[in-house]
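> Structure in structure tokens, see below.
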Amino acid sequence: MKCNDDTFVRIDSILDQVKKVKSDKSVYVGSMNYYHRPLRSGKWAVTYEEWPEEAYPSYANGPGYVISSDITRYIVSEFDKHIVRLLKMEDVSMGMWEEKFNITHRPVEYRLDVRFYQAAGCFDGYIT
């Protein structure tokens, strides 16, 4: 799991979810963004040189997400070979890396889980 440094994580909820994942599956779980368009101006602006497409790959935004260990090993290996690139937004970068894994290795099961919640305070039933 990756989470922001200002995020409270309900470890019991994470462990319950992780136990449900079959070991032969590649998964990416979080508050997923689908077909999110890059901002071309402002603080989080991305130029066409940085990302020429009109939409990002699917990615989990917000306070955190969970990925399976096979995907983690792939990303580390690609990083060591200087193959992956990092945008200024780590969550979008993860989506790019996941998409490449999905195409070159095996299908990734994307799981939208709205319990990865970004708000002030702690709420029953939420993961973050």
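> Evaluate the Kirkwood expression for the hydrodynamic radius of the chain, namely the inverse of the mean inverse distance over all pairs of different C-alpha atoms, and round to one decimal in Å. Don't skip to the answer; put the middle values down first.
Numbers: mean 1/r = 0.0643 Å⁻¹.
This gives a value of 15.6 Å.
> Using alpha-carbon pairs under 8 Å, 6+ residues apart, how would you state the relative contact order of the chain in percent?
Working: 182 pairs, mean separation 46.3, N = 128.
Normalised by residue count, the contact order of the chain is 36 percent.
> Along the charge dipole of the chain, which of Ser41, Val21, Ile11 sits closest to the positive end, that is, farthest toward it, with unit charges on the beta carbon of Lys, Arg, Asp and Glu (+1, +1, -1, -1)?
Of the candidates, Val21 comes out farthest on the positive side.
> Could you tell me which trypsin sites (Lys or Arg not before Pro) in the stretch 1-63 are loop residues by DSSP with no more than 14 other beta carbons within 10 angstrom of their beta carbon? Could the numbers behind the result be given before it?
Numbers: sites: Lys2, Arg10, Lys19, Lys20, Lys22, Lys25, Arg40, Lys43; in loops: Arg10, Lys20, Lys22, Lys25, Arg40, Lys43.
Answer by residue number: Lys20, Lys22, Lys25, Arg40, Lys43.
> Looking at the chain, send over the antiparallel percent of its DSSP beta bridges, to the nearest 5.
Working: 8 of 13 bridges.
Beta bridges within the chain, antiparallel portion: roughly 60 percent.
> Once you've got the Cα coordinates, tell me which of Lys19/Lys81; Lys25/Lys100; Lys20/Lys100; Lys19/Lys88 are over 28 Å apart.
Numbers: Lys19/Lys81 32 Å; Lys25/Lys100 16 Å; Lys20/Lys100 25 Å; Lys19/Lys88 32 Å.
Over 28 Å apart, Cα to Cα: Lys19/Lys81; Lys19/Lys88.
> Within the chain, which is the longest segment that contains none of the GluC sites (Glu not before Pro) sitting in a DSSP loop with at most 10 other Cβ atoms within 10 Å? Walk me through the numbers before you get to the answer.
Details: sites that count: Glu49, Glu53, Glu54.
Longest gap between qualifying sites, sites excluded: 55-128.
Every number in this text was worked out from the coordinates using simple rules, so none of it is lab data. This structure is a prediction, so every number in the text was calculated from the model and none was measured. FYI the Cβ positions are ideal-geometry reconstructions off the backbone, even for glycines, and counts take in every protein chain you see.
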